[in-house]
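Bear in mind that the values in this text are calculations on the coordinates, not laboratory data. Bear in mind the structure is a predicted one, so any value in this text is a computation, not a measurement. Note: ideal-geometry Cβ built from the backbone for every residue, glycine included; neighbour counts use all protein chains shown.
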Amino acid sequence: MQATTLAKEQLFSMYRMMVTIRRFEEALRNLFFQGQIPGFVHLSIGEEAVPTGVCAALTDKDYITTTHRGHGHMLAKGGKPKLMMAEMFGRRTGYCKGKGGSMHIVSYDLGILGANGIVGGGIPIAVGAALASSFRGNDAVAVAFFGDGASNEGTFHESANLAGLWKLPVIFVCQNNGYAEFTPTSESTAVKDIAIRAQGYNMPGVIVDGNDVLAVYEVVKTAVARAKRGEGPTLIEAKTYRWEGHVVGEQAFVGEYRPAAEIEAAKQRCAIVLFAKKLLATGFIEQAELDRIAAEVQRKIDEAIAFAQSSPFPEPQEALDDVFAP
Amino acid sequence: MPVIGFIEAIRQAIGEEMERDPSVFIMGEDVKLGAFAATRGLFEKFGAARVRNTPISEAGIAGAGIGAAMAGMRPIVEIEFASFFYCCFDQVCNQAAKLRYMSGGQARLPLTFRCVYGAMGSAAAQHSEVIYPQFLAAPGLKIVVPSGAAEAKGLLKAAIRDDNPVLVFEHGRLGFTQGEVPDGEYIIPLGRGAVKRAGTDLTIIAIGAMVPKALTVAEEMAKDGVSVEVWDPQTLVPLDEEGMLASVAKTGRVVIADEGHLRGGAAGDLAAIIIDKGFDYLNAPIKRVTALDVPIPFSPPLENYVLPDEAKIKAAVQEILP
């Protein structure tokens, strides 16, 4: 398998991360239906290989910006399930003290410059972080995660042009999950492959199987090396599929707009199952070990939920804090 | 005190801050040449990296400014004409204004946006706009409107040193003016207004380029024995409410002069604050002198008709004198 550049412990950790993202979001879905989570929840179930593979190729000092569907990116970049879950619950102990919620989590310490409720809103911000990196000479790269829908936003094109022009250490990761909100990509995007848009901005455009975590890791690793050599940005299109709807609970107002067979076919290519099979086939790991990891992850998620549930809400007047820095 | 031009004051502020702090840089469309001359000469002095000429790409450069600020730099982003802000409204109002708040106070955005605003003579609607009212409605942005060379220098330096997104609105007409600017380090703290002329009978609250017009009116009225105070807020956010109300308490009569539109504008906002917090000081209704509620027209007689001027300010003053 392609795993030769990775040590056994890294492979375990990638597997653990994919399962963590899956279980975290499954829990969120259930909690939402129980009425415990306010607001909107956008799940990325089925897409776990993309954040996991990308962030495995990054270090703590690298930056990411992510989207309204950003739980996986947050977790993969080091986000703590407890602090994320508390934020989802609107509690004071959350990453943003209950002011951001699911769509707006920031963790400065982890280089997470923001999940973003605006499609395409975070892309130029990642370019700016890469610009700062080039000024400061600190070797950090910035990754902009976005969806196929955002590749039609002006901010994507303006950002790609700036990055290509200035050879900035930024990696554009288009997580193509087949749908922009409720509209299939084929009905919203003039090109079949978003990666070819890279040509217009003088950077490589790479298509990768977004359900193959190791393939994602390898292309990002190559892009990171290129960025650090001062050769500029890369556009990576990771093709994957969104198992769930655009937003949890949408069936109540939009019904089902995707063919059942299409969803079923995607589930047959579950990124976690594919990776487990590879690991088992190489003899790196045994089923018992995978089960142990799954149990350990479940325990952590349960702890995160208990932490969130037992955390206090902010005092109402805390709504007035944090508008301006002192 | 040396007398320098308004544009030179801006150039000094940027140059001095870039010299003082290596994390300060400027980027924008044609900053290399200096579309309004405010950045002229800085490229030669500081080089292409720190005086960063950009493509015409407002959303991209506004967002890049935000990311650079979050990652430890102190960018100045030039948006050229104020109306071009509409091309990057998301980045300014949804991102810059909200990131600190939404992150529970984690994000730090030491970011300055500069633009030229206002009517400067038949530039028509898309190059004549007063756009700060739109940003008054977006909590999280500081808003600075200098009224002369000294204010331009002192306020811009404070804006660059502030750890929040600050929008600085420089009136195109003021670009042709000169003023006394104190030598050396000169900073005007954000959130402090100034009495530009003391008086006892009536206060004209004047914003930006309306300040010199208000001073002219005050001089004229003095000949008739009327003592007009001119108060300049200097920053609309944060607003020096205390200073404003002190002037109202002293005179009991208020005219607010602003080049923005009447509806939803800064003048209405200030008037509402005075009514809320200083109603007992008032001896007459508050008068607002603003642009009429149409896009700014091209043809000179039409433009003159729509814009506020000295005559309209004077008429408003006379209307509410006892």
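Start at zero, step by 20 Å, and the Cα-Cα distances of chain B spread as 34, 57, 9 percent across the bins.
Of all alpha-carbon pairs in region A:38-94, indicate the percentage at a distance above 13 angstrom. Please list the in-between numbers first.
Values: 998 of 1596 pairs.
Counting every Cα pair in region A:38-94, those more than 13 Å apart make up 63 percent.
Past the 30 Å Cα-Cα mark, which pairs from A:K80/A:K192; A:K97/A:K278; A:K80/B:K98?
On the way: A:K80/A:K192 36 Å; A:K97/A:K278 41 Å; A:K80/B:K98 23 Å.
Long pairs (Cα-Cα over 30 Å): A:K80/A:K192; A:K97/A:K278.
Please report the net charge: other residues with Cβ closer than 13 Å to the Cβ of A:L165, K and R +1, D and E -1. Here the charged neighbours net out to +1.
Measuring between their Cα centroids, region A:42-59 and region A:253-276 lie 17 Å from each other.
Ratio of Rg to Rh for the protein assembly as shown: 1.04 [Cα atoms; Kirkwood radius as inverse mean 1/r over pairs]. Residues considered: A:A281, A:A57, A:A129. Largest GNM mean-square fluctuation over chain A, using C-alpha springs under 10 Å, is found at A:A281.
Can you tell me the equivalent ellipsoid semi-axes for region A:194-240? Use √(5λ) from the Cα gyration tensor, largest first, whole Å.
Details: eigenvalues 65, 43, 4 Å².
That gives 18, 15, 4 Å for the three semi-axes.
Note on chain A: with a GNM built from Cα contacts shorter than 10 Å, the maximum mean-square fluctuation among A:I263, A:I196, A:I105 falls on A:I263.
With loop defined by DSSP as not H, G, I, E or B, and exposure as at most 12 other Cβ atoms within 10 Å, which is the longest segment of chain A clear of exposed trypsin sites (Lys or Arg not before Pro)?
Values: sites that count: A:K61, A:K192, A:R229.
Segment A:62-191 is the longest.
Using only alpha carbons, region A:61-216 has a radius of gyration to Kirkwood radius ratio (Rg to Rh) of 0.97. The Cα trace of region B:232-309 gives Rg and Dmax of 14.0, 43 Å, the first to one decimal, the second as a whole number.
For peptide B:52-61, compute the average count of partner chain beta-carbon atoms within 10 Å of each residue's beta-carbon.
Values: counts 4, 0, 5, 4, 1, 9, 2, 10, 14, 7.
That average works out to 6.
Cα to Cα, under 14 Å, and not fewer than 8 places away if on the same chain: which aspartates and glutamates meet these conditions relative to A:K228? Of all the aspartates and glutamates, those that pass the test against A:K228 - Cα under 14 Å, at least 8 places apart if same chain - are A:D62, A:D139. Under the simplified labelling scheme, the A:E181-A:Q36 pair shows an inter-label distance of 3.1 nm, with each label point 7 Å from Cα along Cα→Cβ.
Annotation: amide H of A:I112 within the under-5 Å range of A:I64, A:S107, sequence separation 5 or more or interchain, hydrogens built in the peptide plane.
Whole-Hz Karplus values for region A:171-186 come out as 10, 8, 10, 8, 8, 7, 9, x, 9, 9, 6, 9, 9, x, 3, 4 Hz, taken residue by residue from phi with 6.51 cos²θ - 1.76 cosθ + 1.60 and θ = phi - 60°; glycine and proline positions read x. Among the GluC sites (Glu not before Pro) in region B:101-205, those placed in a DSSP loop whose Cβ has at most 12 other Cβ atoms within 10 Å are B:E185.
Given a cut-off of 27 Å, name the pairs among B:K223/B:K287; A:K99/A:K167; A:K221/B:K45; A:K99/A:K300; B:K142/B:K213; A:K82/A:K239 whose C-alpha atoms lie farther apart than that in the structure shown. Cα-Cα > 27 Å for A:K99/A:K167; A:K221/B:K45; A:K82/A:K239; rest within. Helical runs (DSSP H, four residues minimum) scored at -39500 (n - 2.57) apiece and divided by the length of chain B put the mean residue ellipticity at 222 nm at -10500 deg cm²/dmol.
I'd like the mean, over residues of A:236-245, of how many other protein chain beta carbons sit within 10 Å of each residue's own Cβ. Could you put the intermediate results ahead of the total?
Working: counts 0, 0, 0, 0, 0, 0, 0, 0, 0, 0.
Mean shielding by partner chains, rounded to a whole number: 0.
Shown here is the pair-distance distribution of region A:214-319: with all Cα-Cα distances grouped in 10 Å bins from zero up to the longest one, the shares run 10, 19, 28, 29, 13, 1 percent. Out of every Cα-Cα pair in chain A, what percent are more than 30 Å apart? It works out to 32 percent of all Cα pairs.
For an R0 of 51 angstrom, estimate the FRET efficiency from the Cβ-Cβ distance between A:T222 and B:E220 and round to the nearest 0.05. Present the calculation step by step, with values, prior to reporting the outcome.
On the way: r = 72 Å, r/R0 = 1.42.
Plugging the Cβ-Cβ distance into 1/(1 + (r/R0)^6) gives 0.10.
What does the charge count near A:N177 come to, summing +1 for each Lys or Arg and -1 for each Asp or Glu among other residues with Cβ under 9 Å from its Cβ? List each step's numbers first, then the result.
Values: positive: A:R69, A:K239, A:R242; negative: A:E47, A:D148.
Local charge sum for A:N177: +1.
Scanning residues 5 or more positions from B:V254 or on other chains, those with amide H under 5 Å from its amide H are B:T203, B:K287, with H placed 1.01 Å from N in the peptide plane. Of all beta bridges that DSSP places with both ends in the protein assembly as shown, some 15 percent have antiparallel geometry.
With both residues required to sit in chain A, DSSP beta bridges show an antiparallel share near 10%.
Summarising the amide proton neighbourhood of B:R74: residues at separation of 5 or more, or on other chains, whose placed amide H is nearer than 5 Å comprise B:V24, B:F25. With the biggest extent put first, the Cα atoms of region B:32-159 measure 43, 34, 30 Å across the principal axes. Across region B:43-59, coupling constants 3J(HN,Hα) worked out from phi with the 6.51/-1.76/1.60 Karplus curve, θ = phi - 60°, read 4, 5, 7, 10, x, 6, 6, 8, 10, 9, 6, 10, x, 6, 6, 4, 5 Hz, and Gly and Pro carry x. Kirkwood Rh over alpha-carbon pairs of region B:1-90, then Stokes-Einstein at 10 °C and 1.306 mPa s: what D in µm² s⁻¹, rounded to an integer? Translational diffusion coefficient: 118 µm²/s. Largest mean-square fluctuation among B:I256, B:I286, B:I143, in a Gaussian network model of chain B whose springs join Cα atoms under 10 Å apart, belongs to B:I286.
Centre-to-centre separation between the Cα atoms of region B:21-95 and those of region B:278-322: 35 Å. Within region B:137-181, which residues have the backbone N less than 18 Å from the label spot 7 Å out from B:R108 along Cα→beta-carbon, could you tell me? Within reach of a label on B:R108, which here means backbone N under 18 Å from a point 7 Å along Cα→Cβ, region B:137-181 contributes B:142, B:158-166.
Segment B:S122..B:D183, full-extension length gain: 18.4 nm, with 0.36 nm per residue of separation and the alpha-carbon distance subtracted. The fraction of all Cα pairs in region B:134-280 landing in successive 10 Å bins from 0 to the largest distance is 11, 42, 36, 10, 1, given as whole percents. The distance linking region A:100-135 with region A:143-162 is 13 Å (Cα centroid to Cα centroid, whole angstrom). Each label was represented as a point 7 Å from its Cα along the Cα-to-Cβ direction; for B:R20 and A:D321 these points are 3.1 nm apart.
Multiplying the sequence separation of A:Q309 and A:L280 by 0.36 nm and subtracting their Cα-Cα distance, what value in nm do you get?
Values: separation 29, 0.36 × 29 = 10.44 nm, distance 3.71 nm.
Full extension from A:Q309 to A:L280 adds 6.7 nm.
Starting from the Cα gyration tensor of region A:75-159, take the square roots of the eigenvalues, sort them a ≥ b ≥ c, and report rounded, prolate or oblate (rounded when a/c is under 1.5, otherwise prolate if a/b is larger than b/c, else oblate). Oblate shape, in that a/c is at least 1.5 and b/c is the bigger or equal ratio.
Partner aspartates and glutamates whose Cα lies under 14 Å from the Cα of B:K32, excluding those fewer than 8 positions away in the same chain, are identified as B:E44, B:E78, B:E80.
Give me the inter-chain shielding for B:68-77: mean count of other chain Cβ atoms within 10 Å, whole number please.
6
Computed from phi, the 3J(HN,Hα) profile of region B:91-103 under the Karplus parametrisation 6.51, -1.76, 1.60 (θ = phi - 60°) reads 5, 7, 8, 8, 9, 4, 5, 10, 5, 5, 5, 5, 8 Hz, with x in place of Gly and Pro.
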